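The values are calculated or read from the model by the stated rules, or taken from the named source; none is laboratory data. All of these numbers come straight from a predicted model, not from anything done at the bench. FYI the Cβ positions are ideal-geometry reconstructions off the backbone, even for glycines, and counts take in every protein chain you see. Side chains are part of the model used for accessible areas, which takes the heavy atoms of the whole protein and leaves out ligands, DNA and RNA. Shrake-Rupley method; radii C 1.70, N 1.55, O 1.52, S 1.80 Å.
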Amino acid sequence: MPDWHERITDDTRPSIRAEHALRYAVAAPLIRASARWCDLGCGSGLAAADALGDAAYEGRALLVDRAAETAERAAAAVPARDAVALAADLADADGVAAVRAALADGDGPLCVTCLETIHQLADFAPLVALLSELAAEPGCSVVLSVPNDAYWSLEREHAATSWGEGAVEELRSLLPADQRVLHQVALAGSALLPAGERAEGSASFALAPGVPSHVVVAFGAGVEQLCAPAPAAAVAQADVEAQRRWERQRESDLLHSAAAIAALERRLAACETAPAAAPAEVSDAPAAGGQA
Amino acid sequence: MKVAFLLNDLQLSGGVGVVVQHARELALRHGHDVTLVLVREQEAAPWQFDGLAHLHVEGLDDARATRFDVAVATWWETVYSLFELDAERYVHFVQSLEDRFYERGTAERAAAETVLDLPVAFVTEARWIADTLARIRPEAPCLYVRNGIDKTVFDSPAQLDVRVEEPLRIVVEGNPDVWFKGVHEAIGCVAAMREPHRLTVVTGDASKVDAAAADRVVGPLTHREMARVYADSDVVLKLSRVEGMFGPPLEGFHMGATCVVAPVTGYDEYIEHGWNGLVVDWDDMEGTTRALDLLARDRRLLTFLRANALETARAWPTWEQSGTFMAAALERIRRDPPPTAYAGARQLAADQLLALDTQRHTMHARDEFRRLAKPALRLKRTGAWRVLRRLREHPRMQPVWTLLRPLTRRLRAKLTG
C-alpha cells in the first residue's frame, strides 16, 4: 500500500508539498537564528529542505523519526552542516526520553519543530510535557502544527487521534501561555500566461478568517516574529498531469485491492464449500520437509 | 503518579461515569496508580461501571494514610474533603457550575459557589466553564479536557440509515423529577405536533411519565441499550436549562440522530444550528413544536442534519484521546508550582460577604413575615377560632361561606398585611 498521505515524498501532491513547505518556511527564520534545531517527526526532510533553501544551516540539526532510515534520509536531505538522525517513537515515554537526552548533549539557542506529528501519536502526553519543558529553557522556541479534521473530508488513516477546534483548545491549555496561534488556510487560484512561455507570477489577494486546514501553535523565545508583520503564503503551480496520474494510481490501486479481496473471498468460499478441492488450492505450500 | 479522585459515591450518573472513565484510562493506558476515594458513608452497593476492577476504591479514612501526587475533587461537596488528603497538588475537576443546581438563597448554592475560590488548579470539560473560571479566577490554572465518547458502545454506522417515509422518530431523555432537565416541556412539545411522529421517553423511573404521552417509555438503560435507542431515532429532543458539557445529543450524533435543543450551556461545544441540529429559543414551546414538524415534513433537511451530526461525531475524541489529555493535564499541574495560599482569597472574601448579605436578607424577610403574621397567629390560638374552623369545614355551612368570601378575603388581607 503506498504511504501516500502522511510522508512527504517526491510523488506527493504539489498542493500538499506547498502546504508542508510553508509551515517549515515560517519556522525557517527561527531555525536559522538558533544554534540547534530539532525536528520531531521529521519524515523524509523534503519539506524542510525546500523551506531552508540552498544556504547551509550552520547549527546542529537533530532529525527525529520513528523509522531510522527515514530519519537518516532527512539528515541527508536538509542543508545542515551537522545533521544527526535519531530513531525514536514519540508516542512512548522512552522515545521522548531519548530525545531529551540527545538535546541535553548541546547548548545554545534551540528551535524545535513538531509539524504534523502529534495527531499521529496515540499517547502524546510525554511529548507535550517535553515541549513545555524545552520552551521553559532560555532561548528555546517551539513550533508545532496539527491538522483540522473539520477541513479534511478524507479519512486520515494515519491519524491516531481526532483534531479540531476543541482539541486545539485542549492542547493550548497545556502549553505555556506565551503562544502565537496561526491558522493555515487553503488557497485556490489560477493564472494566465502566453502559451509556451515561462514567467514569474505574483498576486495580491485578500485573506479572511475561515476554516483552517491546519493550526500552527508557536511558543517560547522569539515566536512573535512568526508571520509578522504580514501573513505568509505559498503557491505552487498545479501539475495537472502528475495530479491526474496520482489520483488514477490511487483509484486503480483501490480497484485492484477490491478485486484481489473479492478473488480471495471466492477462493475461501470455494475451499469452504468443497473441502476435497482444498489441497489443490494450497499446492504452493512447502512440503513437510520444508521443500516446495 | 499516584492520583486520587474524590467522589460522594459510585452510583449511576453521568458525572460519576466520566470520573470513572478518566480514572480507568489513567490506570490502564498511562500507568498511574489511581484510587477512587468515597467521601461519604455508602448506603447502596456501587453501580458496576466498566473498569472499576482496575482501580482502588477506598473510604476517606483509609485514604488519609496515603501520600498522593495529585488529589482531584469531582463535585463541590467533595472539595470539602480534598484538603484532608495528603497530596502534592490539589485539583478541582469542574463538570458544571454546580451552584445552579440549587434554588437562590439556599445554603448549598452559596457553598457550591465558594469552593471555586479555593487555591486549587482547575480542570474542566467545557469551554463555557473554562471561560467563566478565567473570569472569576484569572490567576488560577485552568486546563480544558473534553469528555470522550466510548466509540465501541456508541459505534457509529458506516452509512446513515436514511428514513423518508416513516413518522419522525423522537427521543426524549432525562429525569422528569429534576426541574432543569425540561422533560415534561419536551414531551408537551411533541404532543402538540401535527406531523406523524413516534416518541420514545428514556427515564430512570417510568412511573413519573404519563404513559399515554409517549409511544414508548423505557429505562433505566445501560449505555449500550441507550445507543440502540439513539440508532433507532431521528431526533434527540432536549430542553434542559442546566448542562455541563451536554453529552446526550452528542451520543445521539454518534448513532446518526440530529437534535433539537435549547441554547443551554455546553450546547456550542459541538452543536451548530442548521448544520447538525436545530437550536430553539428558551421557553418557545410553539417554536420547538414547529421545528419538530419541519423535520418531520422536510426529510431532505433531516437527512442533511443527521449526516452532519454523524460527521461531527466522527471528529469527537475517544476516551483514549481524552484520557491522554487528562494525563497531560495532571502531569502539567504536578510539574508547575502550586497556587499560593492567597490565590482566590479576594474572590473568597467577596463571596463570603455576599453569602452573609443573602443570609441577612433571608433572616430579615423571615422576621418581617413573623411580625406581620403575629395577629393571625394569636387569633388562631383562641377557642373562638377553633369553633369557627369547625363551622368552616361543616358541609351545611358551605353556601354561607361562599356568600361571605369577599368579607373573609378582606379580613385575611388586613391581618396579614
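General remarks:
- Members of region B:291-316 that are among the β-branched types (V, I, T) and either more than 14 Å from chain A (Cβ to nearest Cβ) or on the phi > 0 side of the Ramachandran plot (or both): B:T303
- Here B:L143 fits the description: within 12 Å of chain A (Cβ to nearest Cβ) and not hydroxyl-bearing (S, T, Y).
- Between B:A365, B:A341, B:A373, the distinction of being out of contact with any helix residue (DSSP H, G or I) (no Cβ under 6 Å at 6 or more places or on another chain), free of Cβ contacts under 8 Å to residues at least 24 places away in the same chain and small (G, A, S) belongs to B:A365 only.
- Residue within region A:9-20 that is open to solvent by less than 40 Å² (accessible area, probe 1.4 Å), within 19 Å of A:L226 (Cβ to Cβ) and in contact with a helix residue (DSSP H, G or I) (Cβ under 7 Å, 6 or more places away or on another chain) present: yes
- Scan of region B:1-24 for residues that are more than 17 Å from B:A44 (Cβ to Cβ) and open to solvent by 10 Å² or more (accessible area, probe 1.4 Å), ordered by number: B:M1, B:K2, B:G14, B:V18, B:Q21, B:R24
- Helices (runs of 4 or more DSSP H) enclosed by region A:72-175 - at least 3 residues per element that are facing chain B (nearest Cβ under 10 Å): A:125-135, A:165-174
- Failed condition for A:G220, given (1) within 24 Å of the chain's Cα centre (by Cα); (2) away from every other protein chain (no Cβ under 14 Å); (3) open to solvent by 50 Å² or more (accessible area, probe 1.4 Å); (4) farther than 23 Å from A:A234 by Cα: (3)
- The single residue among B:A107, B:A134, B:A45, B:A130 that is open to solvent by less than 40 Å² (accessible area, probe 1.4 Å) and small (G, A, S) turns out to be B:A130.
- The selection criterion, being open to solvent by less than 70 Å² (accessible area, probe 1.4 Å) and on the phi > 0 side of the Ramachandran plot, holds for B:G344.
Conditions (1) modelled with pLDDT of 85 or more; (2) surrounded by 10 or more Cβ atoms within 10 Å (Cβ to Cβ); (3) of a type in the set (A, V, I, L, M, F, W, C), marked per residue:
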| position | (1), (2), (3) |
| --- | --- |
| A:A238 | no, yes, yes |
| A:W246 | no, yes, yes |
| A:A259 | yes, yes, yes |
| A:E272 | yes, no, no |
| A:P286 | no, no, no |
| A:Q291 | no, no, no |
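- Residue match in region B:276-290 (condition: open to solvent by less than 60 Å² (accessible area, probe 1.4 Å), within 14 Å of another protein chain (Cβ to nearest Cβ), closer than 22 Å to A:L171 by Cα and at pLDDT 95 or above): no
- Tally, over region B:188-214, of residues that are of a type in the set (D, E, K, R) and closer than 25 Å to B:L302 by Cβ: 3
- Pair list, Cβ under 8 Å, 6 or more apart: region A:128-154 residue aliphatic (A, V, I, L, M), other residue outside any helix (DSSP H, G or I) and open to solvent by 50 Å² or more (accessible area, probe 1.4 Å): A:A150/A:V211
- Just one of the numbered conditions (1) of a type in the set (D, E); (2) on the phi > 0 side of the Ramachandran plot; (3) open to solvent by 60 Å² or more (accessible area, probe 1.4 Å) is not true of A:E116: (3).
- Residues in region B:168-204 that are among the acidic types (D, E), open to solvent by less than 60 Å² (accessible area, probe 1.4 Å) and either part of a loop (DSSP other than H, G, I, E, B) or free of Cβ contacts under 8 Å to residues at least 24 places away in the same chain (or both): 1 in all.
- Within region B:250-270, the set of residues being open to solvent by 10 Å² or more (accessible area, probe 1.4 Å) and within 14 Å of chain A (Cβ to nearest Cβ) comprises B:Y267, B:D268, B:E269, B:Y270.
- Region B:272-283 residues that are farther than 14 Å from B:A257 by Cα, paired with ones that are assigned to a loop (DSSP other than H, G, I, E, B) and of a type in the set (G, A, S) (beta carbon under 8 Å, 6 or more apart): B:V279/B:A262; B:V280/B:A262; B:D281/B:A262; B:W282/B:A262
- Among the residues of region A:229-276, the one identified as without any contact (Cβ under 8 Å) to a residue 60 or more places away in the chain, within 24 Å of the chain's Cα centre (by Cα) and not in a helix (DSSP H, G or I) is A:P231.
- Residues of region B:317-373 that turn out to be within 14 Å of chain A (Cβ to nearest Cβ), farther than 21 Å from B:L133 by Cβ and among the hydroxyl-bearing types (S, T, Y), as a count: 2
- Inspection of region A:128-140 identifies at least one residue that is under 28 Å from B:A327 (Cβ atoms) and under 19 Å from the mean Cα position of the chain (by Cα).
- Options B:L168, B:L133: the member that is at pLDDT 90 or above, over 30 Å from B:D357 (Cα atoms), among the hydrophobic types (A, V, I, L, M, F, W, C) and touching a strand residue (DSSP E or B) at 6+ places or on another chain (Cβ under 9 Å): B:L168
- B:G247 vs. criteria surrounded by fewer than 22 Cβ atoms within 10 Å (Cβ to Cβ), in the same structural domain as B:L221 (by TED's automatic domain parsing) and under 22 Å from B:D131 (Cα atoms): yes
- Residue within region A:189-198 that is surrounded by 15 or more Cβ atoms within 10 Å (Cβ to Cβ) and without any contact (Cβ under 8 Å) to a residue 40 or more places away in the chain present: no
- Qualifying helices (runs of 4 or more DSSP H) (wholly inside region B:300-417; at least 1 residues being out of contact with any strand residue (DSSP E or B) (no Cβ under 6 Å at 6 or more places or on another chain) and closer than 30 Å to A:G164 by Cα): B:319-335
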